[in-house]
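Engineer: Have a look at the structure that comes next, please.
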Amino acid sequence: MKFTTSNIITSSAKAPDTSILIIYTGGTLGMVHNDKGSLIPFDFASIMDHIPSLRKLELNITVLSFDNPIDSSNVNPGHWELLGQMIYENYKEYDGFVVLHGTDTMAFTASAISFMLENLNKPVIFTGAQLPISAPRSDARENLITALEIASTKINGKPMVPEVAIYFDSVLLRGNRSKKVESVHFDAFESENYPLLAEAGVVINYNDKFIHYPEENLGLTLHKKLNNKVIILKLFPGISEAAVEAIFSIKGLKGVVMETYGSGNAPTDEWFINLLKGAIDKNIVILNVSQCPGGKVDQGRYETSEDLENIGVISGLDLTLEAAVTKLMMVLEEEEEKAVIKLRMTNSICGEMTIN
């Protein structure tokens, strides 16, 4: 992967004492219309022409741009591994990071990076836009400016938001609690099971009691690799035995994120339970998450989830689908023993799930 580097000092009054690294992976935010009306990536060296109010932030900004921007629909775990490595290698040089990313898979990427960067103690703020930065009504300018402000904000000399978060349309959400819910409105993301980390109005109001602060004096650890031999099994009325059997027959399959009904309920048909048990006996990990955007899995609460608990399906509690997939990819890359996998999947790493 090749990159273009641009260095921008936003202040002309004094030398900035805060440095931010922007990583542009692709997405609508960094696009402009050319003479033919087509969307093309713009040169971040000219960002001050598009957003002159950046000068008021007094920041030393470095921009790393993918030479070939990626549509977020094409993002894969290899890109997450690259992005994690980029942040890790530049961690000591910058006070915070802003990642510009397409909205479609932003919640997946933010979740993955939150797990890969263990003991993170600096802001990694994801943002993007629904309209290109060149559009008159674009949301790109406000999203980028506020993301930069959040990434550079400190209190008592320490970062205000030392975690992976998504800033979009005036709200700051924990990255691994977020989900894209809108494709045509500006309020594209929600965090149903966790409060806002901050809300931007005339001022930015931080909900500091909900921000994840890691233990001090622990160095950053990078989990470099992910195992993509994971698949999603979404239940629906009428799902066939042949379809479920085909999924569990995938060669090399290591993990299944099973989207169930309500609080973790599933069919009790004998064929269904037998297929799940057979997969678990072959060391395929099955993680139960709810199709509902709010609430959590409570295996055993109803008869329709008792069998899942008994055969060894792991409860995903209130994990989002995005967090479940990416966390499972990381854990399966590093662990083989069932007990250890279950322990890691049912304990919170960086605030991605609620442990009662």
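Engineer: As a quick test, which of the pairs LYS296/LYS327; LYS92/LYS158; LYS122/LYS338; LYS180/LYS209; LYS251/LYS338; LYS234/LYS296 have an alpha carbon distance above 22 angstrom in this structure?
Structural biologist: LYS122/LYS338; LYS180/LYS209
Engineer: Could you give the spread of the C-alpha atoms of the range 85-240 along their three principal axes, from largest to smallest, in whole angstroms?
Structural biologist: 57, 41, 30
Engineer: With axes computed from alpha carbons, what is the tilt in degrees of helix 321-334 against the longest principal axis of the chain, rounded to the nearest 10 within 0 to 90?
Structural biologist: Compared with the principal axis, the helix lies near 80 degrees.
Engineer: Nearest 5 is fine: what % of DSSP beta bridges in the chain come out antiparallel, could you say?
Structural biologist: If we restrict to bridges inside the chain, about 45 percent are antiparallel.
Engineer: Then there is this: Need one word for the range 295-356: rounded, prolate or oblate. Basis is the Cα gyration tensor (sqrt eigenvalues a ≥ b ≥ c); a/c below 1.5 gives rounded, then a/b vs b/c decides.
Structural biologist: The shape class here is oblate.
Engineer: Shifting gears a bit: Which order do the peptides 250-256, 347-353 take when ranked by the mean count of other beta-carbon atoms within 10 Å per residue, highest first?
Structural biologist: 347-353, 250-256
Engineer: Still on this structure: Using R₀ = 30 Å, calculate the FRET efficiency as 1/(1 + (r/R₀)^6) where r is the Cβ-Cβ separation of THR221 and GLU270; round to 0.05.
Structural biologist: Plugging the Cβ-Cβ distance into 1/(1 + (r/R0)^6) gives 0.10.
Engineer: Round to the nearest 10 and give me the degree value, 0 to 90, for the angle of helix 270-281's Cα axis relative to the longest principal axis of the chain.
Structural biologist: Between helix and principal axis, roughly 70 degrees.
Engineer: Let me ask another. Treating only the Cβ atoms of Lys and Arg (+1) and Asp and Glu (-1) as charged, compute the dipole magnitude of the range 3-222 about its Cα centre; round to the nearest 20 debye.
Structural biologist: The dipole of the range 3-222 has a size of about 280 debye.
Engineer: Further question on the same structure: Only counting other Cβ atoms within 10 Å, I'd like THR304, THR320 sorted with the fewest neighbours first.
Structural biologist: By the 10 Å Cβ count, ascending: THR304, THR320.
Engineer: Relative to the longest principal Cα axis of the chain, at what angle does helix 140-152 sit, 0 to 90 degrees, rounded to 10?
Structural biologist: With both axes taken from Cα atoms, the answer is about 90 degrees.
Engineer: To the nearest 20 debye, what is the magnitude of the charge dipole of the range 230-345 about its Cα centre, counting +1 on the Cβ of each Lys and Arg and -1 on the Cβ of each Asp and Glu?
Structural biologist: About 260 debye.
Engineer: Moving to a separate point now. Is it possible to state the helix-based mean residue ellipticity at 222 nm for the chain, with each DSSP H run of 4+ residues giving -39500 (n - 2.57), the sum divided by total residues, to the nearest 500 deg cm²/dmol? What is it?
Structural biologist: -7500 deg cm²/dmol
Engineer: Which whole-number percent is the relative contact order of the range 287-327 (Cα, under 8 Å, 6+ apart)?
Structural biologist: For the range 287-327, the relative contact order is 48 percent.
Engineer: Shifting gears a bit: Under the classification rounded if a/c is under 1.5, otherwise prolate if a/b is larger than b/c and oblate if not, where does the range 70-167 fall, given a ≥ b ≥ c as square roots of the Cα gyration tensor eigenvalues?
Structural biologist: oblate
Engineer: Further question on the same structure: How high is the FRET efficiency from SER240 to ASP281, r the C-beta distance, R0 22 Å, rounded to 0.05?
Structural biologist: The value I calculate is 0.50.
Engineer: Can you compute the label reach from ASN76? Point 7 Å from Cα along the Cβ direction, backbone N cut-off under 18 Å, restricted to the range 206-232.
Structural biologist: Backbone N within reach: 225-232.
Engineer: Using the number of other C-beta atoms within 10 angstrom as an exposure proxy, rank LEU54, LEU343 with the fewest first.
Structural biologist: LEU343, LEU54
Engineer: Is the range 162-250 rounded, prolate or oblate when judged by the Cα gyration tensor, a ≥ b ≥ c being the square roots of its eigenvalues, rounded requiring a/c under 1.5 and prolate requiring a/b larger than b/c?
Structural biologist: Verdict is oblate for the range 162-250.
Engineer: With 10 angstrom as the radius, rank HIS101, HIS79 by how many other C-beta atoms surround their C-beta, starting from the fewest.
Structural biologist: HIS79, HIS101
Engineer: Be a star and scan the range 323-343 for residues whose amide nitrogen sits under 15 Å from the point 7 Å along the Cα-to-Cβ vector of ILE355.
Structural biologist: Correct set: 340-343.
Engineer: Continuing with the same structure: Give the relative contact order (percent, whole number) for the range 226-351; include only Cα pairs under 8 Å separated by 6+ residues.
Structural biologist: Computed value for the range 226-351: 27 percent relative contact order.
Engineer: Could you name the aspartates and glutamates in cross-link range of LYS254, using Cα to Cα under 16 Å and dropping any fewer than eight places away on the same chain?
Structural biologist: Qualifying aspartates and glutamates at Cα under 16 Å: GLU245, ASP281, GLU333, GLU334, GLU335, GLU336, GLU337.
Engineer: To continue, here is another question. Relative contact order of the chain: what whole-number percent is it, with Cα pairs under 8 angstrom and at least 6 residues apart?
Structural biologist: Relative CO of the chain lands at 14 percent.
All of the numbers you see were taken from the coordinates with simple rules; none came from a lab. From a predicted model like this one, the values you see are computed outputs, not experimental measurements. We place every Cβ from the backbone using ideal geometry, glycine too, and count neighbours over all the protein chains shown.
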